[in-house]
Each structure stands twice: as structure tokens, then as C-alpha cells.
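Since the structure comes first, as C-alpha cells, the remarks are kept for the end.
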Amino acid sequence: MKDILVTGGAGHVGSSLVDRLLKEDEYRVTVVDDLSTGHRRKMSFLGQERCNFIKADVNERQDIQEVMLSRQFYAVFHLAAVVGVQRTQEDPCSVLLDIEGIRNILDLCKNIGVKRYLYSSSSEVYGEPVETPQHEQRTPLNSRVPYAVVKNVGESFARSYHQEFGLDFTIFRLFNTYGPRQSEDFVISHFVARALRGDDITIYGDGSQSRTFCYVDDTVDTMVTTLREEACLNDVINIGASVEVSVLELAQRIIQITNSNSKIVYLPPLPDGDMTRRQPDNSKMLKLLKRDLIPLDDGIQRLLNDQIFMDLCGLKD
């Protein structure tokens, strides 16, 4: 049985990834999170035989060293980070601390003989796109916001440790991923929760900025398939849907699906970090999955039927 470490495992994508890994009989999973933004309610796997949760901060060398010396880990999924452009714009120094966590994890991976390091980067590294869709090798990385800069530094660390120490890696550039365990300060969960309450839905700018939205099951299926099939070795893969939707259209669709009386209210544009478009070239992802992605309307309906989502948003059935 292969031991897998998942950092940030009490978060939205991290907790869903752990659930997905535990569906594979060959993996035993250790989950690390400091619970600063993650939550125990997202960890439905607590108490399972092949899963162990440890509260620890990856930015603290002693904390994570004790964890990583406790088992001979085959692979490490490093998802622990301060997430979200707006959140890190409000507290830009906090995201810089994540560089120390990246260094800690990679040093320990190298020292204890981890076979594979899988790093969660972000579409934000592309900055304002110079081409659409964004391709892993062709599209330049030009963002200057702190969150994206740290993710880009993390990618460089992974390549450097491979070049110098032979540590194999895969970099996941995640585009907008939504699901029932996402906190309410991200766009789809925020819009859905406000629509269910009948509150106004606020949009920054005119709402013409567009994004693609990938349901979390598609995201974690890709991540686990990458590990299992030893795919994208020492390479980068975009993870995201390819159908662009404007923020205004998204709000309108959610109001319609939830049969809400919410009104759309426009706010001034964000001063920085709200890119006009996001669309990945997701051909690598589709080749791995060998299936279509979950359509947006179906994914929104899954949120509405999910008790964890309702509980996290303080909503009744």
C-alpha cells in the first residue's frame, strides 16, 4: 500500500481529493492542515481506517518534519496555501509565508525519498491573458499580484528540485474550481448562497469578465489519474473547464436555477487582480479523463442537493 500525504486537506479541493484517493484501495492517506481556512466539517473521511488527520502548519519546519518522518511517503500533494486573489490582495504579506512551506515540503521530500511531488498552482500565473485559450507551454506567465507570484515561485522550486535532486513533479494549474466544500467568499458558492437567501448578488464592474467553471469531481479525478497513471511527469497540466461564462450570466443562471428573487447589484471594479478572461487549453486533462466534464448547470444542481454545502452556508434543506 502506498502512503500519500495531502497538505491543505481540510480545504475545498484538498478534502475532495482525499475522498477520491480513498476510493483507490492501494492508497493510505495522511492529511495535514492548520485549519486556518480549512474546516473539520469538510473532512467527511475522518475516522476511516486508511486515513489519518494531523493538525500542522507546513510553514513551520518542525511541524511538518515530524509528520513527514512518520511514514515513508510515496507521493505528496501540496495544496496548503493562502487561497484567493481578493483575500491575498487584502493581506498581501500573508501569502509570502507560503514560500517557506513550499521549501519545507520539497526539502523533506528530497531527504526522505518521496517519489512524486504534485503541486497545486493556479491559472492566476498567466495574468492578463495574451492568448486564449491559455496553453501550458505557449502562454507567458505575466501576473504580478502576490498570490500568482508565489504560485510561480512554487513552480520554479519544483523544477529546480527535479533538476538538482531528481525529485519528480507534476504542476496542476487550477482554473476556477467549485464544489460543495468551497467557502462562501468564492464566486459560485457566494452567488448560490445569496440566491437561496434572497439577498442581493453583487458584481464587480459590469460583469463582462468571463471565467470557466470546473466541478471539483472533475478536478480531483484528473489529479488522481495523473498520480495513478504516472502521467504529466515533470510537466504542467491545466485543470479546468473550457466553456467561458461571464460573471453576469453566471449570476443570472443561478437566480433562474434557484428560482430566487435576488437582485443583481453592481459595484466598482476591483482595483487589481480581476482579469478580463480565463480559459484553459484543457486538452491534456480531457485526454487523461477520457470523458466529458460535468456541465455548469448540473454542477450547480449538485451543490443544491449537497448537505455539506447547505451546512457550511448555514442554510436549511
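A few remarks follow.
- Residue match in region 178-187 (condition: charged (D, E, K, R), farther than 30 Å from residue 2 by Cβ, at pLDDT below 95 and within 20 Å of the chain's Cα centre (by Cα)): yes
- All positions within region 295-317 that are over 20 Å from residue 243 (Cβ atoms), of a type in the set (D, E, K, R) and either out of contact with any Pro (no Cβ under 7 Å at 6 or more places or on another chain) or not assigned by TED's automatic domain parsing to the domain that holds residue 258 (or both): 311, 316, 317
- Enumeration of residues in region 213-234 that are β-branched (Val, Ile, Thr) and either at pLDDT below 95 or surrounded by fewer than 22 Cβ atoms within 10 Å (Cβ to Cβ) (or both): 224, 225
- Out of 18, 32, 13, one residue alone is assigned to a strand (DSSP E or B) and in the same structural domain as residue 117 (by TED's automatic domain parsing). It is 32.
- Some residue of region 262-273 being at pLDDT 95 or above and either buried (at least 18 other Cβ atoms within 10 Å of the Cβ) or assigned to a helix (DSSP H, G or I) (or both): yes
- Checked against the criterion of being among the basic types (Lys, Arg) and under 30 Å from residue 142 (Cα atoms), the candidates 55, 115, 110, 42 yield just one match: 110.
- Filtered by the rule that a residue be among the aliphatic types (A, V, I, L, M), closer than 26 Å to residue 60 by Cβ and surrounded by fewer than 24 Cβ atoms within 10 Å (Cβ to Cβ), region 1-28 gives no residues.
- Single match in 205, 198, 166 (criterion: over 28 Å from residue 305 (Cβ atoms), surrounded by fewer than 22 Cβ atoms within 10 Å (Cβ to Cβ) and not assigned by TED's automatic domain parsing to the domain that holds residue 18): 205
- Among (1) of a type in the set (A, V, I, L, M, F, W, C); (2) part of a loop (DSSP other than H, G, I, E, B); (3) modelled with pLDDT of 85 or more, the one test that residue 309 misses: (2)
- All conditions in (1) outside any loop (DSSP other than H, G, I, E, B); (2) among the charged types (D, E, K, R); (3) within 21 Å of the chain's Cα centre (by Cα) hold for residue 107, with the sole exception of (3).
- Residue that is nearest to residue 99 (Cα to Cα) [pool: residues in region 46-58 that are in contact with a helix residue (DSSP H, G or I) (Cβ under 8 Å, 6 or more places away or on another chain) and modelled with pLDDT of 95 or more]: 58
- Across region 236-250, the qualifying residues are those that are assigned to a helix (DSSP H, G or I) and in contact with a Gly (Cβ under 7 Å, 6 or more places away or on another chain), and the one among them that is surrounded by the most Cβ atoms within 10 Å (Cβ to Cβ) is 247.
- Among the residues of region 21-38, those that are closer than 23 Å to residue 102 by Cβ, out of contact with any Phe, Trp or Tyr (no Cβ under 7 Å at 6 or more places or on another chain) and of a type outside the set (Ser, Thr, Tyr) comprise 29, 32, 33, 34, 35, 38.
- Within region 204-220, at least one residue is closer than 29 Å to residue 73 by Cα, of a type in the set (A, V, I, L, M, F, W, C) and assigned to a helix (DSSP H, G or I).
- Of all residues in region 284-306, those satisfying the criterion of being outside any loop (DSSP other than H, G, I, E, B), under 19 Å from the mean Cα position of the chain (by Cα) and not basic (Lys, Arg) are 285, 286, 288, 289, 296, 299, 300, 303.
- Scanning region 39-98 for residues that are touching a Leu at 6+ places or on another chain (Cβ under 9 Å), part of a helix (DSSP H, G or I) and surrounded by fewer than 15 Cβ atoms within 10 Å (Cβ to Cβ) returns 40, 41.
- Region 107-134, subset touching an Asp or Glu at 6+ places or on another chain (Cβ under 8 Å) and surrounded by 16 or more Cβ atoms within 10 Å (Cβ to Cβ), residue farthest from residue 97 (Cα to Cα): 133
- All conditions but one from (1) in contact (Cβ under 8 Å) with a residue 24 or more places away in the chain; (2) more than 20 Å from residue 128 (Cβ to Cβ); (3) not in a helix (DSSP H, G or I) apply to residue 253; the one that does not is (3).
The values are calculated or read from the model by the stated rules, or taken from the named source; none is laboratory data. In this text the structure is predicted, and so the values were computed from the model without any measurement. A quick note on method: Cβ atoms are made from the backbone with ideal geometry, for glycine too, and the neighbour counts reach across all protein chains shown.
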